[in-house]
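Throughout, read-outs are computed from the coordinates displayed, never taken from laboratory work. In this text the structure is predicted, and so the values were computed from the model without any measurement. With ideal geometry, Cβ positions are generated from the backbone for all residues, glycine too; neighbour counts draw on all protein chains shown.
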Amino acid sequence: MPTPILEKESLIPGRTSKLVLHAPQIARNAHPGHFVMLRMSPDGERIPLTIADTDPEKGTIVIVYLVMGTSTALLEDLKAGDSILDVCGPLGKPTHIEKKGTVVCVGGGTGIAAMHHIAKGHWRAGNRVVGVIGARTKDLLLFEKELSSFAHELLISTDDGSYGRKGLVTDLLRERLETDKDVFEVVAVGPVPMMAAVAETTRSFGVRTTVSLNPIMVDGIGMCGACRVTVGGKTKFACVDGPEFDGHQVDFAELRRRLGAFREQEKISLDQYRSQHGN
Amino acid sequence: METKEKKTVAPRTDMPCQPADVRARNFDEVALGYTKEMAMQEAARCLQCKNPRCVKGCPVEVPIRDFIGEVARGNFDVAYRIIKTTNSLPAVCGRVCPQENQCEGNCVLKAKGQPVAIGRLERFVADNHIASSACEQVTGTNSCAVPLGNKKMACIGSGPASLTCAGVCAAAGIKVDVFEALHEPGGVLIYGIPAFRLPKNVVATEVNGLRQTGVDFHLNHVGGRTVSVTELAREYDAVFIGVGAGLPVFLGVPGENLVGVFSANEYLTRVNLGRAYDFPNHDTPAFLGKNVTVFGAGNVAMDAARTALRMGAESVHIVYRRTRAEMPARHEEVEHAEEEGVKFAMLSAPLRFNGDDEMRLVSVTLQKMELGEPDASGRRRPVPVPGSEYDLPTDLAIVALGTRSNPILLEATEGLDKTERGYIKVNEETGETSLPNVFAGGDIVTGAATVILAMGAGRRAGQEIVRRLGGM
């Protein structure tokens with residue numbers, strides 16, 4: 001049964017939107033860290049997206065995406081009142097959350113939305129949440145308002161200095177770790193280079209660092225092994241063993257290469273889609 | 001076998017196929033099926049044994065002698081009803097069963113080299129039959145049960161085990177809901193077995209028949225996640241778990257995560273479920289390789305190799321550490337693969353995958369093997385030949401070494417006993433798990449096995465469910 005879109009909010013025009021979906025069975029069972037598999041058309045590809053929020057009482061889940069290929073372009077063409085053909089989940093292992101002190105939640109790009117759900121979990125568990133978010137420039141920063149509801153402090157950076165501190169999230173993170181010895185965990189969700197940089201930053205501090213990985217997936221339900229990542233020298237399957245792993249153990253270089261495996265075909269597909277849809 | 005007079009037995013009737021050079025470049029079905037005349041000619045070869053050994057070789061005990069007798073007399077509809085008394089998916093089984101190890105392997109004519117082509121006849125009977133109702137499609141009869149009060153049962157997964165279980169229960173008047181994790185029903189029949197071996201409309205016909213008899217398919221429902229076994233067990237009078245195989249097994253050699261190394265499950269799912277053969281009209285791409293190497297020697301390896309050819313590969317090698325004689329694939333698949341141009345590198349084992357600076361696969365290093373002393377399985381153990389390493393240029397490697405159990409439902413379900421190998425433990429007579437009125441069957445119980453074994457398990461559990469719910 002197709003999944004209705006109740007609300008759509010454009011966060012970065014043409015590039016990133018927030019969708020509120022009516023998916024009561026998923027909302028009821030989803031925890032921070034979970035993801036869903038989506039397919040937008042009968043000819044479409046299955047893609048994974050991390051759940052950015054849930055409201056079990058209303059039966060809704062929130063997803064936020066960046067338009068990168070045909071599937072996300074198809075998603076961006078939908079509006080409130082339309083339905084998504086297939087939404088399947090919740091999948092993956094949920095974030096490990098326990099009351100332990102101060103957690104730093106680092107988010108970048110659309111990862112800030114996914115991070116928001118994890119921050120909410122830590123906030124509710126009684127942890128002190130320090131949000132650290134960044135973007136290239138002010139207009140590309142999203143989910144600040146939503147995240148601020150579940151963060152005791154929110155630190156912001158932009159590459160160009162148009163908002164918050166000029167610099168990278170890792171600058172803010174390093175300063176924090178140098179002065180705040182109560183931080184028991186750093187969680188990072190965002191682009192692969194950002195997560196890799198966060199893991200490098202925290203390594204010397206010996207702080208537990210969890211990253212939420214976004215490899216290519218096909219079924220998302222533990223069948224195909226497309227999403228395998230090397231963690232601590234061992235092959236893990238992000239869809240059933242993850243998607244969250246110890247950032248100090250992840251082979252990010254391999255992940256980055258594997259994410260590019262279908263780049264040429266992704267371009268062919270998107271070009272065809274754009275030529276048929278005139279945008 | 002004792003025959004006083006030596007009778008000459010006619011040779012087995014060939015089944016027409018698409019020419020190898022044509023079919024190697026399309027996804028249409030390879031084997032075209034018997035005509036009525038061919039079927040009757042082949043059926044006439046059957047000796048109609050008093051004690052038919054073929055039946056004992058069949059996991060669901062199809063009354064083979066009887067249906068073949070009817071085919072020989074041209075009574076095809078009677079033959080269909082006979083098959084359907086024990087086999088709910090004959091059009092599927094006729095195409096994918098390993099007959100040479102089962103019914104045909106037991107045929108007394110095999111001693112003369114050519115057993116009756118039981119699989120081809122089963123397929124003919126199924127394809128030739130046009131059901132007059134959904135009830136007949138599912139059960140082979142037009143006397144389906146009236147609804148059994150308000151009894152209802154749930155199947156998790158929609159592969160051969162669940163489809164069979166659903167059919168048995170629905171025919172007895174039990175309301176059936178099937179919960180499938182993917183967006184299309186059929187399980188391995190859809191995502192795994194390629195259309196050139198099992199056309200998708202064969203599966204669709206079976207699923208539609210079930211739908212019309214009142215079975216509802218709930219897609220995108222992951223057992224253990226979207227719906228839990230516990231809540232289904234509360235809501236339904238019985239539950240059947242048939243979630244199939246899980247994570248692929250890899251070789252465990254260096255370089256296995258290079259770009260260009262895939263599991264057969266991923267490669268085939270992209271092409272079959274995702275219709276990557278029609279990219280970019282369908283959005284899911286498959287990785288394109290010029291020089292493809294497939295590891296393994298079962299049906300899945302043959303499927304992957306033949307799919308790669310059809311996707312435009314220039315050369316496809318199957319690498320296996322034993323010899324042709326030990327290959328577990330159906331003989332017909334091996335023959336078809338060879339006719340289509342797949343090359344076999346026997347007695348070879350991979351040592352490592354080699355990549356370029358961008359971590360893209362460029363070759364695989366293989367080592368020659370020779371057969372030594374027999375191992376625990378009774379087969380001669382392959383042992384490496386020192387100094388025999390060589391590189392095979394490869395830009396797409398497909399690993400088809402089987403699967404492990406899928407952890408999702410098992411981890412999420414408390415009180416479900418598992419075997420040492422991590423599969424679901426069941427009572428062999430009934431298929432019941434450690435949870436009362438929760439049954440399981442297929443690959444999630446046995447580990448990777450055949451379609452017909454999964455169907456047998458689905459049938460056994462379905463019959464037990466019907467008995468308990470008072471439908472006999």
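Structure above, values below:
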{"item": "Computed helical MRE - 222 nm, the protein assembly as shown, DSSP H runs ≥ 4 contributing -39500 (n - 2.57), nearest 500", "result": "-9000 deg cm²/dmol"}
{"item": "Under 12 Å from the B:LYS112 label point (7 Å along Cα→beta-carbon), backbone N, segment B:28-48", "result": "B:44-48"}
{"item": "Rounded, prolate or oblate (a/c below 1.5 giving rounded, otherwise prolate when a/b exceeds b/c) for the protein assembly as shown by Cα gyration tensor", "result": "prolate"}
{"item": "Residues whose placed amide H lies under 5 Å from that of B:VAL249, excluding near-sequence neighbours", "result": "B:LEU401, B:GLY402, B:THR403, B:ARG404"}
{"item": "Exercise: per-residue mean of other protein chain Cβ atoms within 10 Å, A:25-31", "result": "3"}
{"item": "Computed E for A:ALA125/A:HIS152 - FRET, C-beta separation, R0 22 angstrom, nearest 0.05", "result": "0.95"}
{"item": "Computed over segment B:355-472: relative contact order in percent, which uses C-alpha pairs under 8 Å that are six or more apart", "result": "16 percent"}
{"item": "In order through segment B:226-240: 3J(HN,Hα) via Karplus (6.51 cos²θ - 1.76 cosθ + 1.60), integer Hz, x for Gly, Pro", "result": "6, 10, 9, 4, 4, 6, 5, 5, 6, 7, 10, 6, 7, 10, 10"}
{"item": "Segment A:161-176 and segment B:281-308: distance between their alpha carbon centers, rounded to Å", "result": "47 Å"}
{"item": "Distance (nanometres) between label positions extended 7 Å along Cα→Cβ at B:SER377 and A:PHE184", "result": "4.9 nm"}
{"item": "Cα centre as origin, Lys/Arg/Asp/Glu Cβ charges: segment B:82-188 dipole, Debye", "result": "240 debye"}
{"item": "Sequence-separation-based contact order of chain B, relative, with Cα cut under 8 Å and 6+ spacing, percent", "result": "16 percent"}
{"item": "Virtual spin-label span in nm between B:GLU428 and A:LYS8, 7 Å along Cα→Cβ", "result": "5.8 nm"}
{"item": "Sites B:SER388 and A:GLU57, calculated FRET efficiency, Cβ-Cβ separation with R0 51 Å, nearest 0.05", "result": "0.15"}
{"item": "Calculated FRET value between A:ASP82 and B:CYS17, using beta carbons and R₀ = 45 Å, to 0.05", "result": "0.45"}
{"item": "Reachable lysines from A:LYS145, criterion Cα separation under 17 angstrom, eight or more residues apart if same chain", "result": "A:LYS8, A:LYS18, A:LYS120"}
{"item": "Counted charge near A:ALA125, where neighbours are those whose Cβ lies closer than 13 Å (Asp, Glu -1; Lys, Arg +1)", "result": "+3"}
{"item": "For residues of B:282-291, the mean tally of beta carbons on other chains within 10 Å", "result": "5"}
{"item": "Mean separation of Cα contacts under 8 Å (6+ apart) over length of chain A, as relative contact order %", "result": "16 percent"}
{"item": "Spatially proximal aspartates and glutamates relative to A:LYS100 (Cα-Cα < 13 Å; intrachain offsets below 8 disregarded)", "result": "A:ASP182, A:GLU185"}
{"item": "Bridge type composition, the protein assembly as shown - antiparallel percent by DSSP, nearest 5", "result": "50 percent"}
{"item": "Neighbouring partner chain Cβ atoms per residue of B:260-272, average, 10 Å criterion", "result": "4"}
{"item": "Per-residue HN-Hα couplings for segment A:245-261 [Karplus 6.51, -1.76, 1.60; θ = phi - 60°; Hz; x = Gly/Pro]", "result": "9, 5, x, 6, 10, 7, 8, 5, 4, 5, 4, 4, 5, 5, 5, x, 4"}
{"item": "Contour excess over end-to-end distance, with Cα ends at A:ILE268 and A:ARG174 and 0.36 nm allotted per residue", "result": "29.7 nm"}
